Structure formats: structure tokens, C-alpha cells
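The values are calculated or read from the model by the stated rules, or taken from the named source; none is laboratory data. It should be emphasised that the depicted structure is a prediction, and the values quoted were computed from it without experimental measurement. Heads up, the Cβs are rebuilt from the backbone with ideal geometry, glycines too, and the neighbour counts pull from every protein chain shown. Calculation scope for accessible area: heavy atoms of the full protein, side chains included, ligands and nucleic acids excluded. Shrake-Rupley method; radii C 1.70, N 1.55, O 1.52, S 1.80 Å.
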Amino acid sequence: MKRYLSKSRFKLGLECPTKLYYTNKKDYANQKKGDDFLEALAQGGFQVEELARLEYEGGILIEGNPWDYDLAVEKTNELLKQENVIIYEPAFLFNNCFIRVDILVKRGDIVELIEVKAKSINSNDEFSIVGKRGGLRSEWKAYLFDIAFQEYVTQKAYPNWTIKPFLLLIDKSKTATVDGLNQKFKITSKSNIRTGIIVEPGTTNDDIGESILAKVPVDSIISNIKDGVFKYDESLTFKEAIPLFTEHYVKDIKINSPVNVKCKNCEFYLVNENDLKSGYIECWTKQLNVSKQTIINEPKVYEVGNFKSASKLIEEGIYLMKDITEDEITVIPKPYGLSLSERQWLQISKVKEKDNTPYIDTDGLKLEMSNWKFPLHFIDFETSTVAIPFNKGKKPYEQIAFQFSHHKVLEDGSISHETEYINSEAGSFPNYDFIRSLRKSLSLDVGSIFKYSYHENTILNAIHEQLLSSNENDKEELIDFIQSISHSKKDSTISWVGDRDMIDLCEIVKLYYYDPQTKGSNSIKAVLPAVLNSSSYLKNKYSKSIKEISLSSINFNNDKVFIEFDENDIVISPYKSLPQLFDEWSEDELDNLISDLEGIDNGGAALIAYSKLQFQEMDDAERLEIRKALLMYCELDTLAMVMIYEFFRDSINS
């Protein structure tokens, strides 16, 4: 099959030109799994594309085998003989560059190229694609270079056209004026069209209410990109990139790009010995002139937690963490606990000294924990956010809180999975029932409440804002409750700090604990295995069944054992024992799938499962299995918090 530089390949080349050589090669490992259905569930982009088509009614879709580029171009050229036409997914080819446009509107020789994205803006706010320093804002670069590539190929194919490029985006200032808008665009894995969306039969522009989209002209930006005013990075202009990428991709020649901090997220990374090659290891071993084992075993500069100087050091030829000196980090202590710079130098020092033991500030922990009030409450929320609202009167990307788990710990150490909530009903808006249930669970005492990271506080602020404009009879009581257990965001019009403002267990970890096993990450999925492996108390306790340790659970049976060991006597993460929500997809991979989604910080598996419950038709047995798995995941999240608390308690008592 002839190789063409498509817009997705052009984007990949902008990320890293070397990746053009590794992509689509079966002998190279690729950690990015292509599943358009799951991506559609997670991000809603294809739904927005179908919504946009309804706003540009009367268009003709270029159908057929998506890999038959020549046929797609032939069909497009035939339609373009019409004086006026709207085409969905027209195809253009020039000098081995191939693109498809989301929506094309032709009026004589005046042509609009419309790139549809689920990314949002607020049209009531001042909006700028250009940052304060005069460059493109990083979050817009990929979209703008994408449409610049489309405009370039289309203009070369039809030089007599006057082309006007636009981004068609979600407008968060607008509200849905009809009920069930989202449900008109059902996601299915069985659709025979690229978007995988089945539009409710008979749906027209009149059925979707007022537009929730914003059309943004980008012709001047695209002109500056083509002229080299704006670059994707400092090494390459747009005009230089196209012939370079095209020649090397079509001829299958590798471009050797310098390794950099972006290598941290390279999808061609692989360390396990098998039949597949690792593009990452090829790059690093050849450019650093070191062995494969050095690259696998030695921590890199970019693995230092929140280290902003990583890119600069790599440019200066410092690649490995062991080679960082104190001159590269200005250590600034704080009155209590570890400062960020102290934590960074601690991480580096342990690598230099080959010290794998954990650091625990027991004195600081003891003082901190002396302020906690029993019973202790550990809570975790699962949430979703969708581009197209379910309900009339709701805005795009409003937070939906559909689940929580709640563990309680008494002063005598007894632990109970006290309460939980889940609402998986299709098309419902669960937030107010969610907060009522949470209020009922936490209002029986004045014990300290724990979250892990800032997500729960963000969600409570979002529900607070929704309640202010609601007509709920108990809105004042619910608002008072939210204000009692949280604090307001910096940009909130109302300021508050609750008497029981949630204690962030993640911040406690950052202040008083570091384990080299976490590799600089403070996520609960990294901290939990480290804690379990270093604590004989936890290993002894949780290697027994629930009934043996008198632990109450709502979703696990009495024979459940949370800790198991591999052949090297290393604790296997309890999350590994949970049922996979989606075949062949780990929870980490699902988290990565939603990493660019607005308003979501984690919980990829739960978000996608919830979306599946909302959109996909399934039998009752499958729906029940997903619901059960969601409940197990959320319960384990709060039990993981309890385990970390127990580790801290045991550490100060020891």
C-alpha cells in the first residue's frame, strides 16, 4: 500500500519526527491502543462532530473504505464540480500529503474549512489563542497546526479557491435548550461509519435547539504558521516540516531527533523482553552511547517530581538523575514538612546513593495527626463530564458526580465501609441526590474528612455553583453542608473555608513521606504499592481474608484477600485483582485515554464505564456487571486511603 502523510501522521511528526519511522510497524511496541469506540465514550468528540453536521444540514458524506485514499479523493472531486455544496469528510491529496476535512462548505470559489473539536471556549470571556509572550498557547498548537496542514493541502489541490479556515468548538457559556440532547447521538461499537455515532432517526436541526457551538475564524493564525511566525517548537517551521516529514515517511527513512523531556510519554517505550522492539530504547542508547540496561535501570532527569529544569538539563547533556548536582537545584526549606525542592533533592540523593529505603518524618506526622478528630472519614468521588449536555438548562462540560465511597475508622482502629452511592441511570442528572446522600453519610458526627488530591473539592465547588441557580427545595441546607466540608476556589464569587474542610491525604504524603518505589509520583496508584511493600504490618494484616481481620465491606465477600505476592515476594497492587472494565485495557491505559479531557483529572475506567452505561444499549446482565465493577473500584479507592493512614499510624507508633 502506498504511504501518504496524513494529518494524524503530520501531528505525530510535530510531536517527535522520529516517531514517523516507528508508527504502524508491527515489530515495534506501541503503548497507544487505537480504540475509536472507547475514545468516543471518553471524550465525546465524535458526538460533537455529528452535532456539527446537523448545524450544517444537507451535506454529503464521503463514505467507503477509509484506507482507499484515491477513491475518497475521486468522490470528493466529483462533488466539487457543483457550484455550491456541503461535504462531510472530503478528501484531498497533494504531493503524497493526504487530508480529510470535517466539514467543507463551498460557495463558488469561496470555501470554508471547518475543523470540529470537542475542546471548549467561553464566548463571554476574552478569548485568545496567542499567549502573553506573543506565541501560540500550548493547548491550541496541535489543533492549529492540524488545520494549517489541511489548508495547505487543500489550497495546493485547488489553487484558485479562497479558503477560510475555522475551528468549531464547544461554547461553555451556552446552555442546552432541549432535553435529551446528548442521547440523540448514541455511541455504538457496531456502527459502520467512522464516528461510531447513530443519530436518533428523524433528528433535524430543529430538534437540537439553540447552538452550543462557537465558530472561530483562524485565517490570520494559519497565515502566521505558514510564514514561520509561529512554530510548533523552535527547531522546525511549518514549511520545513512538510517536505521533511513527507519524504521520510513515504520512503520509510528514520529522522533522528534529539532526545528530550517529551520522551517521558513516548508510546514506543518498552522494557520487557519479548519479540517487539522499543523505539524509545533505540533512540536513547544510540544518542547517549550507553547500554540498553543503563537506559532501563537508570532513572532519567525528567522523572524528578515536578522538575521544571528537566528540559534545560537534557539540552545541556545531563540525561540521568544520578548526574544532577546541587547546583541544578536550589533547595529552599519550609517551616514544617518537605518543600518541593527538598523533596526533589531527596529523590535525587536516594538515586545517587542507591538508597531504596522510604523517608518518613514521624515527628511531623505525629504532630499533624494529633489534630485529627475521630471517627475519621475517607471519601472518594467518581465523576464525568460531557461536551453535549444530557438535560435542558445544563451547560457543556458541567460536572456530573455519579458515585462515591465512604470508609470510616474509629479511634480503636476498627474499619468499616460505611456508605456508598451510585447512580447509573441513563439520562439522569444525579448531582443533587449525590450531595444529599453524602450529607446524610457525613453529618452524624464532626470527625475529620479525608480526600486524596484536590478532585473532591473541585466537584463540591461545581455542585455548589449548580445549586445556587437551582430550584431545589433543600438547596440552602445542601449549600451549607458543602461549605462546611470544603473551601472555595480562588475564582469563586463566594469565599468560604469549612470547619470540617477536607484534609488532603496526598498533601500529607508530599510533606512527610517519600519512597523511591513511587519514582516521584504522588498518585494513590503509586503510593499504595510502595506503602504495602514497606510495611510488615499491612502485609501481615491484608494478606488475610476480610472475615479474619473483621473488616466490613459492601462489595467484596468475606473470603476476599487484598494483598497477594508475586514470585519475588513483592506485593501485587490490589487494583490488579479487580475485574477489568474493558478487555485488554488496564486502568492506567484508560486514565491516559482521558488525559486531555476537560474537567477530569483521573478515574478513566470509571468515567468510560459510566459513559457506556449512559450511551450503549446492553442487556441487564452486562449492565449489572459494570455497575458491580464500579462499586468495587470505588470501595478500593477509599480502602487504599485507609491503608495509607494505617501505615502512617503504625510508623509513628513504632
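The stretch 275-314 and the stretch 508-556 have Cα centres lying 29 Å from one another.
Rolling a 1.4 Å probe over the protein heavy atoms gives the stretch 226-282 an accessible area of 58 Å² per residue.
When both bridge partners sit in the chain, DSSP labels roughly 70% of those beta bridges antiparallel. The spacing between the stretch 141-178 and the stretch 338-405, judged by their C-alpha centroids, is 39 Å. Counting protein heavy atoms only, the chain has 46 percent of its accessible area on carbon and sulfur, 1.4 angstrom probe. Per-residue surface analysis assigns D501 an accessible area of about 40 Å², computed on protein heavy atoms at 1.4 Å probe radius. Rounded to the nearest 10 square angstrom, V178 shows an accessible area of 30 square angstrom against a 1.4 Å probe. Helix 279-288 axis versus longest C-alpha principal axis of the chain: approximately 80°, rounded to the nearest ten. Of V130, V409, the order by accessible heavy-atom surface (1.4 Å probe, DNA, RNA and ligands excluded), from most exposed downward, is V130, V409. Per-residue 3J(HN,Hα) values for the stretch 24-30, derived from phi via the Karplus relation 6.51 cos²θ - 1.76 cosθ + 1.60 with θ = phi - 60°, read 6, 9, 5, 8, 10, 5, 9 Hz in sequence order (x marks Gly and Pro). At a probe radius of 1.4 angstrom, the accessible area of the stretch 294-400 per residue rounds to 49 square angstrom. Here the 3J(HN,Hα) profile of the stretch 98-112, calculated from phi with Karplus coefficients 6.51, -1.76 and 1.60 at θ = phi - 60°, is 10, 9, 10, 9, 4, 9, 10, 10, 10, 10, x, 9, 9, 10, 9 Hz, Gly and Pro shown as x. Just the number, please: Stokes-Einstein D of the stretch 86-205 in µm²/s, Kirkwood Rh from C-alpha pairs, 37 °C, 0.692 mPa s. The Stokes-Einstein estimate is 194 µm²/s.
Within 13 Å, Cβ to Cβ, of F230, how many net charges do the neighbouring residues add up to if Lys/Arg are +1 and Asp/Glu are -1? The answer is +3.
Treating only the Cβ atoms of Lys and Arg (+1) and Asp and Glu (-1) as charged, compute the dipole magnitude of the stretch 290-406 about its Cα centre; round to the nearest 20 debye.
With Lys and Arg at +1 and Asp and Glu at -1, about 540 debye.
First select every other residue whose beta carbon is under 13 angstrom from the beta carbon of A530; then total the charges, Lys and Arg +1, Asp and Glu -1. Combined, the nearby Lys, Arg, Asp and Glu give +3. The sum of -39500 (n - 2.57) across all DSSP H runs of n ≥ 4, divided by the residue count of the chain, sets its helix-only mean residue ellipticity at 222 nm to -11500 deg cm²/dmol. When the Cα atoms of the stretch 140-294 are aligned to their principal axes, the ranges along those axes come out at 63, 43, 31 Å in descending order.
When the residues K32, K286, K262, K408 are ordered by accessible surface, computed with a 1.4 Å probe over the protein chains alone, the sequence from largest down reads K286, K32, K262, K408.
Looking at the calculated P(r) for the stretch 10-147, what percent of the C-alpha pair distances fall above 28 Å?
30 percent
Computed on the Cα atoms alone, the convex hull of the stretch 309-400 gives a volume of 235 cubic angstrom per residue.
Proximity of backbone amide H atoms, modeled 1.01 Å from N, is registered between I503 and I449, F450, K451 at under 5 Å, excluding neighbours fewer than 5 places apart on the same chain. Hull volume per residue, based on the alpha-carbon atoms of the stretch 270-361 and their convex hull, is 116 Å³. Shown in residue order for the stretch 446-463 are the 3J(HN,Hα) couplings computed by the Karplus curve 6.51 cos²θ - 1.76 cosθ + 1.60 at θ = phi - 60°: 10, x, 5, 10, 10, 10, 10, 6, 8, 4, 4, 5, 4, 5, 5, 5, 5, 5 Hz (x for Gly and Pro).
So, R0 is 56 Å and r is the distance between the beta-carbons of W496 and E316; what FRET efficiency does that work out to, to 0.05? Calculated transfer efficiency: 0.75. Taking every protein chain into account, the accessible area of the stretch 118-191 amounts to 47 square angstrom per residue (probe 1.4 Å). Heavy-atom accessible area, probed at 1.4 angstrom with all protein chains present, ranks V259, V446, V290 as V446, V290, V259, highest first. Taking all C-alpha pairs of the chain, those more than 44 Å from each other amount to 28 percent.
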